[in-house]
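The values are calculated or read from the model by the stated rules, or taken from the named source; none is laboratory data. Being a predicted model, the structure only gives us computed values, none of them experimental. So basically every Cβ, Gly included, is an ideal-geometry build from the backbone, and we count neighbours across all protein chains shown.
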Amino acid sequence: MIRYFPNILTTSRIFLTAAFAYCFLQEQFIEALILFSLSATSDFFDGYLARRLQITSRFGAILDPIADKLAMFVSYSIFFIAGIIPGWLLYVVIGRDVLIVSTVLLCFLNKVAIEFRPIYSSKINTTIQFIFVVIVLILKAFSVSISLSPFMLIVCFSTIYSGAEYAQKYKWIVPQLFKQ
């Protein structure tokens, strides 16, 4: 059973994201904060346990980034719809993920062999994006009003930097995708 635990945690993040979205839309901000915090915490533990116990799996390697991207897509989209963040931040966060997923999908469809591994700046970026969501939820849960501009700029910079580092690392793929 223990060998499946990291994958169970990863799978639970998808359900926690759905529950978080429901609570946020129902203006149950404390519950949304708790659910999102559980999701973010499980993101750390599933990877940690898989590496520590040496029980990594192909399923987990595929599902983990999907769960992360789903959490980001849902939370940042909801914040945009609620008027909490501007469109440019949503486009930067979602755009980076769309480019990464599109590249992986194109590689798969064109049978380009690639082992797409997370880079360090991506892990930091995910942490910063999660922290931003938690900050927003704390402010909503406790009816505190402060400017989110400095936090949004940090998220924006981190996201662009991570995306640029991916582009630099995997630029060799482009000719492979478009060769005749």
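Pull out all pairs, ordered by first then second residue, where Cβ-Cβ is under 8 Å, the residues are six or more apart or on different chains, the first lies in segment 43-71 and is free of Cβ contacts under 8 Å to residues at least 24 places away in the same chain, and the second is of a type in the set (K, R) and not in a helix (DSSP H, G or I).
none
Give segment 93-107 a look and list any residue that's surrounded by 18 or more Cβ atoms within 10 Å (Cβ to Cβ) and either under 15 Å from the mean Cα position of the chain (by Cα) or modelled with pLDDT of 85 or more (or both), or say none.
V93, R96, D97, I100
This table checks each residue for (1) surrounded by 18 or more Cβ atoms within 10 Å (Cβ to Cβ); (2) touching an Asp or Glu at 6+ places or on another chain (Cβ under 7 Å).
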| site | (1), (2) |
| --- | --- |
| C23 | yes, yes |
| E27 | no, no |
| F36 | yes, no |
| F45 | no, no |
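Looking only at segment 12-31, how many residues end up being in a helix (DSSP H, G or I) and among the polar types (S, T, N, Q)?
2
Would you confirm, using the coordinates I've provided, whether L90 is within 17 Å of the chain's Cα centre (by Cα), part of a helix (DSSP H, G or I), of a type in the set (A, V, I, L, M, F, W, C) and under 29 Å from P175 (Cα atoms)?
no
Looking at T56, is it among the hydroxyl-bearing types (S, T, Y) and closer than 18 Å to R117 by Cα?
Yes; evaluated as a whole, the condition is true for this residue.
If you go through segment 1-32 one residue at a time, how many are closer than 20 Å to A141 by Cβ and not aliphatic (A, V, I, L, M)?
10
Condition first: of a type outside the set (V, I, T), surrounded by 15 or more Cβ atoms within 10 Å (Cβ to Cβ) and outside any loop (DSSP other than H, G, I, E, B). Now tell me which residues in segment 162-175 satisfy that.
Hits for segment 162-175 are S162, G163, E165, Y166, A167.
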